[in-house]
Amino acid sequence: MKNIMNILFAGCLLVCIGCKAQNNHSATPASDAVEQLSEVVTGDAQTNVYYPLLKGKRVAVFGNHTALLPDGQHLLDRLLQDGHQVTAAFSPEHGFRGTADAGEHVASDVDAQTGIPILSLYDGGDNRPSASSMQKFDVLLVDIQDVGLRFYTYYITMCRLMQACADYGKEVIVLDRPNPNGHLVDGPILDMKYKSGVGWLPIPVLHGMTLGELAQMAVGKGWLSTKNPCKLRVIPCLHYTHHTLWSIQVPPSPNLPNMTAVYLYPSLCYFEATPVSVGRGTDHPFQIYGHPSMKGRSYTFTPESRSGAKNPPLKGKLCQGVDLSGMDTVSLASKGIDLTYLIDAYTDLQQGDKFFTSFFEKLIGVDWVRPMIEQGKSAAEIQARWQPDVEQFKKDRKPYLLYEE
C-alpha cells in the first residue's frame with residue numbers, strides 16, 4: 001500500500017502517496033452499510049512516509065487544535081520536537097487554537113506555546129494569504145479535522161491556500177483524516193452564482209469526501225484558479241473506507257461539541273438564515289432549535305453569551321422549541337439532510353418569505369428550495385428533486401476517491 005501514483009492533470013501535478021482507490025462499490029447512506037473500525041491510522045501518524053519529504057525544507061502548517069497525533073500531541077509540537085524547520089502556521093475560521101466564534105475576525109499572532117508566527121486566513125480581509133506569508137515556507141502541511149459539509153469553511157481555506165501555493169511554486173501535502181460524514185452524499189450541488197465564503201466548490205451539501213479526496217477533485221476538475229501547476233501530495237489514512245463511522249477526537253469548532261451536533265449540522269445549519277435559534281449560547285448548539293414565538297412547545301431554552309458564542313442570536317430571550325440532543329447517534333449517522341425541522345419552524349412562525357434571509361441560498365446552494373418550502377412541499381419532495389445531483393456527483397467524484405465506497 002506504499003505505491004506512488006503520479007497523475008498529470010491539466011495545470012497541476014498530483015501525487016498521492018500510499019493511496020488505494022477502490023471504486024467498485026456504490027455508496028449507501030443506510031445505517032447497515034457503515035462500520036466502526038478502531039485501527040484507522042490518520043495521515044499525520046505516518047511520519048515515516050512524509051518526514052522524508054520535509055528534509056531540508058521550510059515547513060508551514062495549516063491546521064488548528066484538531067491537528068493531533070494519536071498520542072494527543074499537536075502536529076506543530078511534534079514537528080519542532082523532531083527537528084523540522086517550521087517557519088509559519090496558517091489558521092482558519094475559529095483560529096489556530098479553535099476558540100473564536102463563527103465568522104469572528106481572527107488576527108495574525110504568535111503561537112504562545114511555540115513562538116511560531118500564526119498567519120490568520122480569517123482576519124476580515126479576502127482570506128487569501130499575503131505575498132509575504134507565501135515567502136516564509138517551501139512546503140505546506142495540511143492537517144485539520146473537517147466534517148464534510150459544503151458550508152463548513154475549512155476546505156475553502158485549504159483550497160485558497162492550494163491556489164496560492166500553485167502560484168508561488170510551493171508544495172502541498174495533505175495529511176488526510178476521516179470524514180465523520182464520509183458515508184453520506186446528500187443535497188443539491190452548489191449553483192456557482194451563490195459561491196461565497198460558505199460555499200466554494202460545485203459539490204453537494206454533504207459531499208462524502210475526505211479533505212485529501214476533495215483536494216484531488218479540486219485539482220483534477222480544474223476548480224482552482226491557478227497561474228502555475230500545483231504540486232499536491234496526499235498521505236491517505238490506513239484501514240479507512242467510506243463505510244467507516246469516525247468519531248471526532250475533539251470538537252472541530254466551538255459549536256460542534258459532539259457527534260450528535262455533527263450529524264444534525266447538515267439539517268439544522270439553515271436556521272442560521274432565519275430568525276430561529278439553533279442553540280448557540282446554550283449547552284446544546286446544533287442540537288436544538290426554537291424561537292420566542294413558536295407555539296405549543298414543551299421545551300424551552302435561553303441563549304446566553306459564552307465562549308464560542310459571545311453574542312448568540314436571540315441572546316437572553318426565552319425560546320420555545322425542540323430538543324434533539326437526546327437522539328440516538330447510530331440512527332442520526334444515516335440521516336443525511338432532514339428539512340422537516342426547518343419546515344416545522346417555518347410553518348409555526350407564519351412569517352412567509354420574511355422567514356428567510358438571502359443567506360439561505362448561500363447555505364442550500366440553489367434558488368429552488370425556498371419556493372418549494374413556501375409552496376408547502378414536503379421534505380421528501382424537495383429531497384427527491386436534488387437526488388439526480390447526488391447520483392451525478394457520485395459518478396464525477398469516483399476518479400478522485402482514495403477509499404472504498
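The values are calculated or read from the model by the stated rules, or taken from the named source; none is laboratory data. Because the structure is predicted, anything quoted here is derived from the model rather than measured. Cβ coordinates were reconstructed from backbone atoms using ideal geometry, including for glycine residues, and neighbour counts include every protein chain displayed.
Could you tell me whether GLY222 is in contact (Cβ under 8 Å) with a residue 40 or more places away in the chain, in a loop (DSSP other than H, G, I, E, B) and within 29 Å of ILE288 (Cβ to Cβ)?
It is false that GLY222 is in contact (Cβ under 8 Å) with a residue 40 or more places away in the chain, in a loop (DSSP other than H, G, I, E, B) and within 29 Å of ILE288 (Cβ to Cβ).
Of all residues in segment 137-166 being modelled with pLDDT of 95 or more, among the charged types (D, E, K, R) and out of contact with any helix residue (DSSP H, G or I) (no Cβ under 6 Å at 6 or more places or on another chain), which is nearest to PHE286 (Cα to Cα)?
In this case the residue turns out to be ARG150.
Select the helices (runs of 4 or more DSSP H) contained entirely in segment 337-405, then report the ones holding at least 2 residues which are small (Gly, Ala, Ser) and farther than 29 Å from TRP223 by Cβ.
379-397
Could you check how many residues of segment 312-336 are more than 16 Å from THR274 (Cβ to Cβ), touching a residue at least 40 places away in the same chain (Cβ under 8 Å) and not hydroxyl-bearing (Ser, Thr, Tyr)?
Selection size over segment 312-336: 7.
Looking at segment 363-385, is at least one residue of a type in the set (D, E, K, R), touching a Ser or Thr at 6+ places or on another chain (Cβ under 6 Å), in the same structural domain as PRO275 (by TED's automatic domain parsing) and closer than 17 Å to ASP186 by Cα?
The answer is no, given that none of the residues of segment 363-385 is of a type in the set (D, E, K, R), touching a Ser or Thr at 6+ places or on another chain (Cβ under 6 Å), in the same structural domain as PRO275 (by TED's automatic domain parsing) and closer than 17 Å to ASP186 by Cα.
Can you confirm whether SER196 is out of contact with any Lys or Arg (no Cβ under 7 Å at 6 or more places or on another chain) and either acidic (Asp, Glu) or surrounded by fewer than 18 Cβ atoms within 10 Å (Cβ to Cβ) (or both)?
The answer is no for SER196.
Identify all residues within segment 177-197 that are modelled with pLDDT of 95 or more, part of a loop (DSSP other than H, G, I, E, B) and either among the aromatic types (Phe, Trp, Tyr) or out of contact with any Asp or Glu (no Cβ under 8 Å at 6 or more places or on another chain) (or both); write none if there are none.
Scanning segment 177-197 gives PRO178, PRO180, ASN181, GLY182, HIS183, LEU184, VAL185, LEU190, LYS195.
Test of understanding: among SER293, SER298, SER305, SER277, which residue is under 22 Å from the mean Cα position of the chain (by Cα), of a type outside the set (Lys, Arg) and not assigned by TED's automatic domain parsing to the domain that holds ARG150?
SER277
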